[in-house]
Amino acid sequence: MPLSPARPQARYACPMRFLIFLLCMGPVGAQTIGIDSHIDTVQRVLIEQANLAERSPRGHVDLPRLKAGGVNAPFFALWVPTYYHGSEAIRRTLDLRDAMQRLFDMHPELIAPALNAADVERITRSGRVAAILTLEGGHQIDDDLAVLRMYYQLGIRSMTLTHFRNTDWADSSTDKPAHNGLTDFGRQVVREMNRLGMIVDLSHVSDKTFYDALEVSTKPVILSHSSCRALSDVPRNATDDMLRALAKNGGVIGINFGEGFLNPKDAEMLKADIAAVATEPSLTGKALDAYAAEEFRKDLVARPTFGTLDDAVAHIDHAVKVAGIDHVGIGSDFDGISSPPKGLEDVSKMPALRAALKAKGYRDEDIRKISGANTLRVLREVTGK
Ligand SMILES: [Zn+2]
């Protein structure tokens with residue numbers, strides 16, 4: 001059954017009641033679109049065969065909880081761990097893309113892929129979830145622009161240039177610098193993404209890669225899931241100078257709710273995770289997939305943490321003060337983090353964040369921008385419609 005009627009007017013047989021319904025909806029196009037620029041739920045769909053159509057006690061996101069949280073257009077990250085190399089990373093990306101396709105095919109009345117901002121508006125207006133598909137890790141293109149172009153054909157509209165490790169063409173914020181930022185090929189990747197209409201996502205990259213990419217990009221970029229280094233000093237967060245440069249570019253930062261990103265008391269734990277030497281399994285195919293499934297389960301074991309909803313509000317507020325109200329959004333990292341902040345235990349709790357912003361003095365229009373309008377603007381500018 002659809003989460004809400006596809007044709008709401010069908011319920012209003014009386015024209016006067018339908019008119020009242022329209023007046024309550026506000027001006028055409030003024031619907032609130034809630035965007036989260038990074039969730040890791042695709043992992044659960046592929047690895048655990050999670051049925052997102054039903055509310056689950058597991059994880060942080062499913063379609064009923066997205067609806068309850070007012071997040072109707074999430075970016076679903078097709079994340080591939082960096083121990084998938086070369087063609088194995090491409091195979092894994094296709095498996096994740098297929099897992100989302102099965103969801104789209106099974107529940108067209110609940111969710112559909114969005115290729116641009118106009119699609120987001122059309123799909124959410126019908127009461128469905130608009131899924132924006134993204135890649136998390138430049139290694140997934142296997143140093144080949146043709147692969148990038150075919151991902152675009154598969155409906156993918158954003159890519160982080162790296163994940164936790166450097167690619168052959170870009171330095172990561174959590175690896176030893178190898179390229180002093182972006183290589184010439186890395187610059188070509190940014191130009192090709194601009195040309196295609198894919199959002200360049202600079203979460204995970206080193207500071208130098210961030211500035212190099214900004215220099216090349218002719219379109220707004222995003223930090224899909226990062227927070228503020230001034231409040232929690234970890235390399236995955238953005239400095240104030242980066243926030244100002246992002247604003248100048250017209251881009252948006254999606255505030256990350258992960259442990260260590262928000263509360264400095266958790267930062268040491270995140271730094272220890274970053275410093276831990278990753279084991280690289282010498283496996284391929286199904287054996288590698290089984291290893292990835294085991295690692296995914298281990299990563300999601302909850303740990304005692306200090307982050308709270310108030311911390312998330314503080315990061316949003318700081319980013320707004322430094323970058324401006326038009327350059328801040330939400331990038332929770334739900335289903336990719338083990339211990340969400342108290343008060344924001346899953347995506348259904350997002351109204352509490354909006355209420356806290358309101359209590360802090362944010363106007364409805366400001367909250368609408370942070371909740372999704374800013375990121376939607378970037379999607380429109382990059383995809384062209
Ligand atoms: Zn990430």
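None of the figures in this text is laboratory data; all of them are computed from the coordinates on show. Just so it is clear, the model here is predicted, and its values are computed rather than measured. Counting neighbours? That spans all protein chains shown, and the Cβs are built from the backbone with ideal geometry, glycine included.
Angle between the Cα long axis of helix 309-323 and the longest principal axis of the chain, 0 to 90 degrees, nearest 10?
Relative to the chain, helix 309-323 is tipped by roughly 80 degrees.
Collect residues whose amide H, placed 1.01 Å from N in the peptide plane, falls under 5 Å from the amide H of MET159; neighbours closer than 5 in sequence don't count.
Amide H neighbours of MET159, under 5 Å, 5+ apart: LEU135, ILE199, ASP201.
Counting DSSP beta bridges with both partners in the chain, what percentage is antiparallel, nearest 5? Don't skip to the end; give the middle numbers.
On the way: 2 of 28 bridges.
About 5 percent, rounded to the nearest 5.
Taking 7 Å along the Cα-to-C-beta vector as the label spot, tell me the GLN153-GLU268 distance in nanometres, rounded to one decimal.
If labels sit at GLN153 and GLU268, their model points lie 5.2 nm apart.
Ordered by residue, what ³J(HN,Hα) values in Hz, to whole numbers, does the range 162-170 give under the Karplus form 6.51 cos²θ - 1.76 cosθ + 1.60, where θ = phi - 60° and Gly and Pro are x?
With coefficients 6.51, -1.76 and 1.60, one gets 9, 10, 6, 10, 4, 8, 6, 9, 7 Hz.
What list of ³J(HN,Hα) couplings, whole Hz, do you get for the range 171-183 from phi and the Karplus terms 6.51, -1.76, 1.60, once you set θ to phi - 60° and write x for glycine and proline?
Whole-Hz 3J(HN,Hα) from phi for the range 171-183: 7, 9, 6, 10, 9, 6, x, 10, 10, 6, x, 9, 7.
Multiply the residue separation of THR284 and PHE164 by 0.36 nm, subtract the distance between their alpha-carbon atoms, and state the gained length in nm to one decimal.
Between THR284 and PHE164, full extension yields 41.2 nm more.
What does the charge add up to near ASP62, with Lys and Arg as +1, Asp and Glu as -1, over the other residues with Cβ less than 11 Å from its Cβ?
With Lys, Arg at +1 and Asp, Glu at -1, the net is +2.
Where a Cα-Cα gap under 30 Å defines reach, which lysines qualify for LYS360, not counting those fewer than 8 residues away within the same chain?
Result set, ordered by chain and number: LYS67, LYS248, LYS265, LYS321, LYS342, LYS349, LYS369.
For the range 150-304, what proportion of DSSP beta bridges, expressed in % and rounded to the nearest 5, is antiparallel?
Numbers: 2 of 9 bridges.
Within the range 150-304, antiparallel bridges account for around 20 percent of the total.
Give a residue-ordered list of calculated ³J(HN,Hα) values for the range 61-77 (Karplus: 6.51 cos²θ - 1.76 cosθ + 1.60, θ = phi - 60°; whole Hz; x for Gly, Pro).
9, 8, 5, x, 6, 4, 4, 4, x, x, 10, 9, 9, x, 8, 8, 7
So which GluC sites (Glu not before Pro) in the range 41-111 pass both tests, a DSSP loop state and at most 15 other Cβ atoms within 10 Å of the Cβ? Numbers along the way, then the final one.
On the way: sites: GLU48, GLU54, GLU88, GLU109; in loops: GLU48, GLU54, GLU109.
When the GluC sites (Glu not before Pro) of the range 41-111 are filtered for loop state and at most 15 Cβ neighbours within 10 Å, GLU48, GLU54, GLU109 remain.
Tell me, what is the FRET efficiency for ALA275 and SER126 to the nearest 0.05, using R0 = 51 angstrom and their Cβ-Cβ distance as r?
For ALA275 and SER126, the calculated efficiency is 0.60.
At 222 nm, what helix-only mean residue ellipticity would the chain give, in deg cm²/dmol to the nearest 500, using -39500 (n - 2.57) for each DSSP H run of four or more?
-13000 deg cm²/dmol
What FRET efficiency do you get for ASP364 and ARG55 if R0 is 25 Å and r is their Cβ-Cβ distance, rounded to the nearest 0.05? Present the calculation step by step, with values, prior to reporting the outcome.
Values: r = 28 Å, r/R0 = 1.13.
Plugging the Cβ-Cβ distance into 1/(1 + (r/R0)^6) gives 0.35.
Indicate the gyration tensor shape class of the range 328-376 (rounded, prolate or oblate), computed on the Cα atoms with a ≥ b ≥ c the square roots of the eigenvalues: a/c under 1.5 is rounded; otherwise a/b larger than b/c is prolate and the rest oblate.
oblate
Regarding the chain, what are the three Cα extents along the principal axes, ordered largest first, in Å?
Taking max minus min along each principal axis of the Cα atoms, the chain gives 67, 44, 43 Å.
At a Cα cut-off below 18 Å, give the aspartates and glutamates reachable from LYS298, other chains included and same-chain residues fewer than 8 away excluded.
Within reach: ASP40, GLU48, GLU259, ASP273, GLU280, ASP289, ASP333, ASP335.
Using a simple charge model, +1 on the beta-carbon of Lys and Arg, -1 on the beta-carbon of Asp and Glu, nothing else, what dipole does the chain show about its Cα centre, in debye to the nearest 20?
In total the dipole reaches around 1560 debye.
Whose amide H sits under 5 Å from the amide H of THR308, counting only residues 5 or more places off or on another chain, with H placed in the peptide plane?
Under 5 Å from the amide H of THR308: LYS342.
Among ILE316, THR279, TYR211, flag the residue with its Cα farthest along the positive direction of the charge dipole of the chain, charges on Cβ as +1 for Lys/Arg and -1 for Asp/Glu.
ILE316
Which residues' amide hydrogens lie under 5 Å from the amide hydrogen of THR167, considering only partners 5 or more residues apart or on another chain, with H built in the peptide plane?
It is SER172, by chain and number.
Treat every Asp and Glu Cβ in the range 102-173 as -1 and every Lys and Arg Cβ as +1, leave all other atoms uncharged, and give the resulting dipole magnitude about the Cα centre to the nearest 20 debye.
Using Cβ point charges on Lys, Arg, Asp and Glu, the range 102-173 gives about 360 debye.
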